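Notes to accompany the following structure.
The values are calculated or read from the model by the stated rules, or taken from the named source; none is laboratory data. All values reported here derive from a predicted model rather than from experimental measurement. Neighbour counts run over all protein chains shown; Cβ positions are idealised from the backbone, glycine included. Side chains included, ligands, DNA and RNA excluded: accessible areas come from the protein's heavy atoms. Shrake-Rupley method; radii C 1.70, N 1.55, O 1.52, S 1.80 Å.
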Amino acid sequence: MFPKTTVMLVIIFIFQTTHLPSPVSGSDPDPIQDYCLPSHHTHQCKNSSSLTVDDFIFSGIKHPGNFTNKFSGVPVSAAVFPALNTLGMSLVRADFEVGGINVPHYHPRATEVAYVLEGKVYSGFVDTNNKVFARVIEKGDVMVFPRGVLHFQMNVGDSPAAILGSFDSQNPGSVKLPVALFGSGINEELLEKAFGLKSKEISKLKKRFGIGHED
């Protein structure tokens, strides 16, 4: 037989490890119902009797969105597809004209799995040791970008390319480095010192990536 104090310590340990939130947990909370399409009137879930199969179908990414600098990104979140609400996932369709890029960016709240629909895309990410993992991926290939790491894509083929990205969060967030650095209002002197650029060069970048500018 184990001493009572040992048994009590084991019980406390089991309780703590199974009932307290994990310090490394960062995913969306588990849903407590099958689905929850929000009601705009009550801010609660719609009654299932008012739903149809069409509420669970979204057709907004059959075609590319509007292009800016040879790139188009169409997010599919709970904001445009309410059936995703509470389910802990979302999507994005990314289209590239020849030479188009998806600028270096990261998603603070989600891991992304990217599936190439068509074309050839130079795709990769940089880990926290500044090691680059990148190569050309083609139609049918799948690449994963771990949560919060910087990643990027560029169409290196001679025809349009398209990617479907899936996130393990209904609100993954997206921080695009050029805009975050030069379009957010960070002190100009700091940017000059950080990048070894002159004031005129910083001003040019801030004008290009300023708030309200789409890139």
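At-a-glance table
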| quantity | calculated |
| --- | --- |
| Verdict on G65 being within 30 Å of G99 (Cα to Cα), small (G, A, S), touching a strand residue (DSSP E or B) at 6+ places or on another chain (Cβ under 7 Å) and part of a loop (DSSP other than H, G, I, E, B) | yes |
| Matching residues, segment 127-151, being closer than 19 Å to G99 by Cα and out of contact with any Leu (no Cβ under 9 Å at 6 or more places or on another chain) | A134, R135, V136, I137, E138, H151 |
| Long-range neighbours under 8 Å by Cβ, at least six apart or interchain, first residue open to solvent by 40 Å² or more (accessible area, probe 1.4 Å) within segment 98-123, second of a type in the set (K, R) and assigned to a strand (DSSP E or B) | P104/K176; Y122/R135 |
| Hits in segment 156-215 (condition: among the aromatic types (F, W, Y) and modelled with pLDDT under 90) | F209 |
| Residues (assigned to a strand (DSSP E or B), open to solvent by less than 60 Å² (accessible area, probe 1.4 Å) and closer than 17 Å to K176 by Cβ) located in segment 141-165 | F145, L150, H151, F152, Q153, I163, G165 |
| Subset of segment 75-91 (residues that are more than 22 Å from I32 (Cα to Cα) and either over 16 Å from the mean Cα position of the chain (by Cα) or open to solvent by less than 30 Å² (accessible area, probe 1.4 Å) (or both)) | V76 |
| Of all residues making up segment 184-202, the number that are of a type in the set (A, V, I, L, M, F, W, C) and either part of a loop (DSSP other than H, G, I, E, B) or in contact with a Leu (Cβ under 6 Å, 6 or more places away or on another chain) (or both) | 3 |
| Where a residue in segment 174-191 is among the acidic types (D, E) and its partner, wherever it lies, is surrounded by 17 or more Cβ atoms within 10 Å (Cβ to Cβ), with Cβ under 6 Å and at least six apart | E188/I202 |
| Residue match in segment 189-212 (condition: closer than 28 Å to V80 by Cα, buried (at least 18 other Cβ atoms within 10 Å of the Cβ) and touching a Lys or Arg at 6+ places or on another chain (Cβ under 8 Å)) | no |
| Single residue of segment 43-74 satisfying the filter (farther than 16 Å from L164 by Cα, hydroxyl-bearing (S, T, Y) and open to solvent by less than 80 Å² (accessible area, probe 1.4 Å)) that is nearest to the chain's Cα centre (by Cα) | T68 |
| Residues of segment 169-183 classified as outside any loop (DSSP other than H, G, I, E, B) and either in contact with a strand residue (DSSP E or B) (Cβ under 7 Å, 6 or more places away or on another chain) or closer than 19 Å to E112 by Cβ (or both), total | 6 |
| Enumeration of residues in segment 124-140 that are surrounded by 12 or more Cβ atoms within 10 Å (Cβ to Cβ) and not in a strand (DSSP E or B) | K139 |
| Per-region count, segment 73-91, residues in contact (Cβ under 8 Å) with a residue 24 or more places away in the chain and farther than 15 Å from V175 by Cα | 12 |
